[in-house]
């Protein structure tokens, strides 16, 4: 399906853009350093890409429809975020003298083959290509298409794409192979935000138990995973009087959605794949000692305590929204999906914990449903495509992100003076690791090691992650050898 972002009348364009600039420049007393506080007149102050006139050239973007739901709007919307995204697109078009031309297709796991065929057909069409840029799930479309030489090396545009700026994720060098970076991740898509793994906490339960505020723990560098579980173990309540503790009916200390929980590998800085000085990739014969330490502790927490739960399904989040859980690990998207605003209890939001107080930064795992951005290898003007991505991410950071936070967090953002600072920490630490980006290239799972749902910990890995590692490291090495063929031609 083709969607063309239509140019509105000059008057309407000015009114929309002025409204966005004014709202971005307002000071609500909730100052933060996310890079998206601007005032009228300085919207392009930090942008290194100058204005251009490309004669209204069409930039054709193939977009996974699941992500497009958040990102692509063909007209002004009653949804404030949708209108902000639409205005972002108009601003990019005006700044570069182009026309953004969206092609929305299903790029989900079940439809990935058809989606990837469209990418490959365009890559093989020479000058008659269909797409300039692709927004897709890395787990569905990265390796398959990189192996077919469909994508440009984003390092070729390092003078255009400001990798060190806040509108791009940190650590993208980690998943380059053979000095080739096949895709980038940043603020151009709101999936960068709604797929961030975060920890929510119930302030009423916290106060009732006299526990230290997690806000204080975060600021004082004391928010570690062992501290989280130590507090969570103190919380349980048999509400139905059956003598058992169940997250379905009772008060519990901690629940986690198993898919975001895979991000423990990132937040605890467990780097499972080593990149050697010559660029080769490998895993050791034995599981890293740090991984064994973490796994053993998490295994004990989840296996021995009914008030510590990992799983999936809406009833898991309902434990939190019903006011029966101290901590919930999930994604930022769940605030809206599960109507956290309707909760009777006050709640807070904090980053995932560190491994120890010796860890430098809080790391926020970004889920693998985030959209990657890639430039097709046979485009006529790769530099212009790179400028488009830089501008899309930059202007989204300036025009959309704050509006997304306002809509998502609602009154919670206004009522709780701590929220803005926590969001700043969360976003600044956002990261995708190598095993997250390339998770589906491994014959046996490696990215899932810490998700800790009952089936995974009992039937897949078992009590010993060291034994699981010894059984699988050879196949992982073979997978990495295959991956190292990417970018060679």
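Just so it is clear, none of the values below were taken in a lab; they were calculated from the coordinates. The model shown is predicted, which means the values in this text are computed figures rather than measured ones. Cβ sites come from the backbone with ideal geometry, for glycine too, and all protein chains shown count toward neighbours.
Modelled label positions at residue 230 and residue 78, each set 7 Å beyond Cα in the direction of Cβ, lie 5.1 nm from each other. Listed options for Cα extents along the principal axes in Å are (1) 74, 51, 48; (2) 72, 59, 42; (3) 71, 54, 38. The value calculated from this structure is the one marked (3). By how many degrees, 0 to 90 and rounded to 10, does the Cα axis of helix 80-96 deviate from the longest principal axis of the chain? Computed tilt is about 40 degrees. Once the Cα atoms are used to define both axes, helix 465-483 deviates from the longest principal axis of the chain by about 10 degrees. What the Kirkwood sum gives for segment 186-316 is a hydrodynamic radius of 17.3 Å, with every pair of different alpha carbons counted. Relative protection proxy for 277-283, 446-452, 97-103, from highest mean packing down: 446-452, 97-103, 277-283 (other beta-carbon atoms within 10 angstrom). Summed over all non-identical Cα pairs, the Kirkwood treatment of segment 365-489 gives a radius of 18.8 Å.
Grab the Cα-Cα distance for residue 52 and residue 109, subtract it from 0.36 nm times how many residues apart they are, and report the gain in nm with one decimal. Full-extension gain reported as 16.7 nm. What the Cα atoms of segment 55-141 give is an Rg and a Dmax of 14.0, 41 Å.
As a proxy for reagent exposure, 168, 109 were ordered by neighbouring Cβ count within 10 angstrom, fewest first; the result is 109, 168.
With an 8 Å cut-off on Cα pairs and a minimum separation of 6 or more residues, tell me the relative contact order of the chain in percent. Over the chain, the number comes to 24 percent. Annotation for segment 346-387 versus segment 51-94: alpha-carbon center distance of 20 Å.
With respect to the chain, whose longest principal axis is taken over its alpha-carbon atoms, helix 419-428 is tilted by about 70°. Relative contact order of segment 314-440: 33 percent, from C-alpha pairs under 8 Å at least 6 residues apart in sequence.
In terms of packing, defined here as the mean over residues of other Cβ atoms within 10 angstrom, the peptides 224-234, 186-196 line up highest first as 186-196, 224-234.
Cα extents for segment 73-118 along the principal axes, largest to smallest and rounded to whole angstrom: 35, 27, 12. A simple packing score, the average count of other Cβ atoms within 10 Å per residue, orders the peptides 457-466, 50-59 as 457-466, 50-59, with the highest score first.
Full extension of the chain between residue 300 and residue 179 yields a length gain of 39.5 nm, computed as 0.36 nm times the residue separation minus the alpha carbon distance. If you take the Cα centroid of segment 124-186 and the Cα centroid of segment 468-489, the two points sit 21 Å apart.
Overall form of segment 39-198: rounded. Here a/c, set by the Cα gyration tensor axes a ≥ b ≥ c, is under 1.5. According to the square roots a ≥ b ≥ c of the eigenvalues of the Cα gyration tensor, what is the shape class of segment 131-235, taking rounded for a/c under 1.5, prolate for a/b larger than b/c otherwise, and oblate for the remainder? Prolate, since a/c reaches 1.5 and a/b exceeds b/c. With a ≥ b ≥ c the root eigenvalues of the C-alpha gyration tensor of segment 357-433, is it rounded (a/c under 1.5), prolate (a/b larger than b/c) or oblate? Judged from the Cα gyration tensor, segment 357-433 comes out oblate (a/c at least 1.5, b/c at or above a/b).
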